[in-house]
Structure formats: structure tokens, C-alpha cells
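Undergrad: Structure below; questions to follow.
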Amino acid sequence: MKEFNLEVFNNSNQTQVLTFINNKTKELGFDMASRPETGALLRVLAASKPNGKILEIGTGTGYGTAWLLEGMDENSQLISIEANINVQNVANEILKNDKRVQLLNENGSEFLKKQQLHSFDIIFADAFPGKYELLSETLNLLKPGGIYIVDDMLPQPDWPADHFPLAQSVIENLKKLTNVTSVGLHWSSGLILMVPKFK
């Protein structure tokens, strides 16, 4: 039976930006960037929130950031935080002229503690804060209908030995939550999406 090619839906319109980020990421030896499939999903989620306010915890070199921006409309805003300025400088260099994004070199935990409740439409937690710690506090920052997403939830060949129990602990913590609607996807590096329930 002939199969359909669905990969065409995962292509980006910003090849030059992503190529720049990919090349710089390799030069730095940074091995924690998001995958293209994750980026394609981030783009769709961002497009579903017109006039949205989006938070990315863990800019890295800006790969996920670029995908989010591709899906956002002109009135949406993205805040992306990263503690490591060396990797974030890649994003600063290529995305600095996009007025929709604010790239902050800041400790993620401290940032999260300062935010108002129900401030964001989407939170992409791709760093220790908001994923391995301060989980409840992070979910409380979502607006009604807001989406929380984490990646890297399936074991990867390049994981260090101590990372598997960390990821397992995140999954166990997420499973305990009863005030969310959730889905786990065997897609890309393994994704979990959650939407908090509001009374």
C-alpha cells in the first residue's frame, strides 16, 4: 500500500534562519537544541493563539524560538529566557530584529517566581526550571485554555547516564496532576502537552 508523505507539513519557511542556527549550534557543540518535528508542532500551537503571549524556558541557540516566531501573528509576543549567554547569543544574532521576541539572559527559576498568575497562552518548558522544578508554579502562569508543553520525554541515545532518572521523575510528577487535560505523544523526542482545568 502506498504511503502518503506527511513530512511536507513539517517544512519551515525560514530555511536561512534555521540553517544559521543549526550551523552555529554545531560550532558550539551544543547538543540540546529542539528537533525539527518539535519545532513544527510549536509553530502550529503558536498559530492557534492570535495576539498570544508565549513563554519559552530555555532559549538555547534559538531553534525552538525561531519555530514559535514562524507561527505567531504580528501582534503576539514571545519571551524566551536562557541562563547561558554563550548559546543564547546565537539567537540574539539572528533574531534581534524581530520585535515580537524578547530574549532574556536570566535565571529561569527567579524569572518564574516574579510572574503574575495566568499571564501566558503557551509555555514551552525546555530547561530545568518549569520542567524539573517549579512545575505547579509554572502551570499556574497559564491563562484559561493555555498550553504547557515539554519535550525530550522519550529516552535518547545521547542522554548522559544520570538523565534518564530525571526524565522519569518528570513523567511521574506529571502523571500525578489531576487538574489538567493532557496528551503524551511518541513524536520527535517525546512530547507531553497539558492544558490546566479552570473551574
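Undergrad: Under the Karplus relation 6.51 cos²θ - 1.76 cosθ + 1.60, θ = phi - 60°, what is the ordered set of whole-Hz ³J(HN,Hα) values for region 186-196, x standing for Gly and Pro?
TA: 7, 9, 6, 8, x, 10, 10, 10, 9, 10, x
Undergrad: How much length is gained if the chain between LYS99 and GLN77 is pulled fully straight, taking 0.36 nm per residue apart and subtracting their Cα-Cα distance, in nm to one decimal?
TA: So the chain would gain 7.1 nm between LYS99 and GLN77.
Undergrad: Given the -39500 (n - 2.57) contribution per DSSP H run of 4+ residues, what per-residue ellipticity at 222 nm results for the chain, rounded to the nearest 500 deg cm²/dmol?
TA: One gets -10500 deg cm²/dmol as the mean residue ellipticity at 222 nm.
Undergrad: Same structure again: Each residue of region 108-116 in turn: what ³J(HN,Hα) in whole Hz from Karplus with 6.51, -1.76, 1.60 and θ = phi - 60°, glycine and Pro shown as x?
TA: My calculation for region 108-116 gives x, 5, 5, 4, 4, 5, 8, 7, 6 Hz in order.
Undergrad: Expressed as a whole number of Å, what is the distance separating the alpha-carbon centroids of region 84-104 and region 154-187?
TA: Each part's Cα centre sits 28 Å from the other's.
Undergrad: Using the count of nearby Cβ atoms within 10 Å as a rough guide to exposure, how do MET153, MET72 rank from fewest to most?
TA: Working: MET153 20, MET72 23.
If I rank by nearby Cβ atoms, fewest first, I get MET153, MET72.
Undergrad: So who's got an amide H within less than 5 Å of the one on TRP159, skipping anything under 5 residues away but keeping other chains? H placed 1.01 Å off N, in plane.
TA: For TRP159, no residues qualify.
Undergrad: Name the residues whose placed amide hydrogens come within less than 5 Å of the amide hydrogen of GLN77, ignoring near sequence neighbours (fewer than 5 apart) on the same chain.
TA: Here GLY52, LYS53, ILE54 satisfy the definition.
Undergrad: Now for a separate question. Work out how far the C-alpha atoms of region 85-124 reach from end to end along every principal axis, then list the three figures in whole Å, largest first.
TA: Computed over region 85-124, the largest-to-smallest principal extents equal 31, 20, 15 Å.
Undergrad: Estimate the FRET efficiency between GLU37 and TRP159 by the formula 1/(1 + (r/R0)^6), using the beta-carbon distance for r and 22 Å for R0, to the nearest 0.05. Please report the intermediate quantities before stating the final value.
TA: On the way: r = 18 Å, r/R0 = 0.81.
That pair, GLU37 with TRP159, gives E of 0.80.
Undergrad: What does DSSP give for the chain in terms of the percent of beta bridges that are antiparallel, rounded to the nearest 5?
TA: Antiparallel: roughly 30 percent of the beta bridges in the chain.
Undergrad: Starting with the fewest neighbours, write out LYS197, LYS143 ranked by other beta-carbon atoms found within 10 Å of each beta-carbon.
TA: The most exposed by this proxy come first: LYS197, LYS143.
Undergrad: Just to verify a number: FRET efficiency for VAL183 and LYS114, C-beta to C-beta distance, R0 = 35 Å, to 0.05?
TA: Step by step, r from the Cβ atoms, then E = 0.70.
Undergrad: Counting other Cβ atoms within 10 Å of each Cβ, which GluC sites (Glu not before Pro) in region 49-103 have at most 10 and sit in a DSSP loop? Let's see the in-between values first.
TA: Values: sites: GLU56, GLU70, GLU74, GLU82, GLU93; in loops: GLU74.
Taking region 49-103 and a limit of 10 other Cβ atoms within 10 Å, the loop GluC sites (Glu not before Pro) found are GLU74.
Undergrad: If you wrap a convex hull around the C-alpha atoms of the chain and split its volume per residue, what is the figure in Å³?
TA: It is 143 Å³ per residue.
Undergrad: Same structure, new question: Are there chymotrypsin sites (Phe, Trp or Tyr not before Pro) in region 104-199 that DSSP puts in a loop and that have at most 11 other Cβ atoms within 10 Å, and which ones?
TA: PHE198
Undergrad: Would you list THR178, THR19, THR138 from fewest to most Cβ contacts within 10 Å?
TA: Ordered by Cβ neighbours within 10 Å, fewest first: THR178, THR19, THR138.
Undergrad: Here's something else I'd like to know. Tabulate in residue order the Karplus-calculated ³J(HN,Hα) for region 68-77, using 6.51 cos²θ - 1.76 cosθ + 1.60 with θ = phi - 60°, rounded to whole Hz; enter x for Gly and Pro.
TA: Values, residue by residue: 4, 4, 5, x, 6, 7, 5, 9, 7, 10 Hz.
Quick note: the coordinates plus some simple rules give every number you see, no bench work behind them. All figures in this text were calculated on a predicted structure; none of them were measured in a lab. Reconstructed Cβ throughout: ideal geometry from the backbone, glycine too, with neighbour counts over all protein chains shown.
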